[in-house]
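The numbers here are math on the coordinates, done by the rules we state, and not lab data. Keep in mind that this is a model prediction, so the values were computed, not measured. Every residue, glycine among them, receives a Cβ derived from its backbone with ideal geometry; neighbour counts consider all protein chains shown.
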Amino acid sequence: MGARKVVEEVRDAKLLGRGGAAYPAGSKWEHLMDIGAFPKHIVCNADEGEPGTFKDRFIMERVPFRLIEGMTIAGLVFGSSTGFVYVRGEYRSVQRGFMRAMESARFLNLLGRDIMGSGLDFDIAVVSGAGAYVCGENSALLNSTQGLAGRPRIKPPHLAEVGLFGAPTLVNNVETFANVPSIVTMGGTAFLEAGHPDSGGTKLVCLSGHVARPGVYEVPLGSVTLREAVFSPELGGGLRDGARVGFLHLGGQSGPLAPPELLDTVYSYSDLRKAGLSVGSGAVVVADDTVNVLDYLMSVARFFVRESCGKCTPCRTGNPAVLKILQDLSVPGLADRRTLEKLWALADVMTQCSFCGLGRTATVALKSAWKAFPEEIERNAIRLSQKDGASRREVSAFPSF
Ligand SMILES: Cc1cc2nc3c(=O)[nH]c(=O)nc-3n(C[C@H](O)[C@H](O)[C@H](O)COP(=O)(O)O)c2cc1C
Ligand code: SF4
């Protein structure tokens, strides 16, 4: 096909990056193609740090040759001879299994020197993470791969220009690479038709929580609603013990909460975005109606307090402050209207001023929950304010939803 044609097919397929940010893979590949500097590196993000996400593991364990092939195609396209797979440190057995698959590929001359007599040399090294969520952010991942502290870099320069060891670099998620062999085989247009007009192909959905049949499910994008994903007998099979849905948490800890009223939203990138939701990493954590929203938000906030790398102030001090306010809100009499105003302002500053995506998305769950379940967030503050003579309307008037 030639390198240019492969990139065109990836663009026509409208493959959106499956790591969480949904950046069009075709644009990323076109950008790297236009850069004349060499060598170029191919890096696969297999950090899979988002809680509730376990699809990359599934690919590497069950269909590792898809990932190897996808990365090798990228190597061929960009004239690169080196690939790196950065695998979550906790995935020791996955790393071992994947290395065995690479050995088989080398034995069959599908990796290594002069692959299948094509003249192409391409090989892959496995790099292990050490348990930091922020190392899933692509620039922190490259720093960590180079042996530097796993902290995000200032961008620009774009990683396509100055990436691993200062060379032009492609970073894609495991599932993104695993789709590339299908695109090359069936063509970009057919791949697009297998999904949604805005985003081709299928998506691996990770169902967990209070669902009867937790697991990884492959669904064509746009083919099911959230309700069908959770309740269809072939997918989630409904909630355990016939419980009712309290909310869904989509796309990992950095994603939004979906209330039951949004269950009929179609599972596609654009439909979810229109409803204020997102696909993110593909996680769908199902919580039944016994789960206390405020308690849940506190567990999310604790996660971000622990995982903040400390490089920038809004995230380093903002996350503990959010947690403290949520703790105050869980106790009657400790929070008032000013507390709610402070919480909203804090969430805004963190979103706008944090250095990387971790801090910028740390309060997405909180903001979406506040919109969907204002009572749950404000209940204890309302009582205090009513004692002060303020009305319910005044209490919730501040946040600019
Ligand atoms: C804090 C943070 C953690 C991330 N963790 C992951 C991860 O574990 N795996 C992943 O593929 N992308 C992760 N990302 C997104 C990556 O930065 C990047 O967008 C992705 O690897 C690009 O690949 P894609 O375009 O194929 O999705 C994370 C981003 C942030 C801000
Ligand atoms: S937002 Fe700032 S402190 Fe938080 S992880 Fe990113 S760089 Fe580190």
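Listing for the model above:
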| read-out | value |
| --- | --- |
| Binned Cα-Cα distances of region 3-193, short to long, each 5 Å bin given as a whole percent | 1, 8, 17, 22, 22, 18, 9, 2, 0 |
| Among beta bridges that DSSP assigns inside the chain, antiparallel share in %, nearest 5 | 45 percent |
| Long-range amide H partners of Leu15 with built H, under 5 Å | Ala25, Gly26, Gly200 |
| Among beta bridges that DSSP assigns inside region 202-288, antiparallel share in %, nearest 5 | 80 percent |
| Phi-based couplings in Hz for region 364-379 (Karplus 6.51, -1.76, 1.60; Gly and Pro marked x) | 4, 4, 4, 5, 5, 5, 4, 5, 7, 10, x, 4, 5, 7, 9, 3 |
| For a label point 7 Å along the Cα-to-beta-carbon line of Ser104, residues of region 52-78 with backbone N under 13 Å | 60-69 |
| Computed FRET value (nearest 0.05) for Cys353 with Asp114, which takes r as the C-beta separation and R₀ as 56 Å | 0.65 |
| For the chain, built as a Gaussian network whose Cα springs stay under 10 Å, the top-fluctuating residue of Pro39, Pro220, Pro64 | Pro39 |
| Expected 222 nm ellipticity per residue - DSSP helices of 4 or more, -39500 (n - 2.57), all of the chain, to 500 | -13500 deg cm²/dmol |
| Derived scalar couplings ³J(HN,Hα) [region 227-233; Karplus, 6.51 cos²θ - 1.76 cosθ + 1.60; whole Hz; x for Gly, Pro] | 4, 5, 4, 7, 9, 4, x |
| Rg/Rg_globular for the chain, with Rg_globular taken as 2.2 N^0.38 Å and Rg from C-alpha atoms | 1.04 |
| Under 15 Å, Cβ to Cβ, from Asp264 - net charge with Lys/Arg +1 and Asp/Glu -1 | -1 |
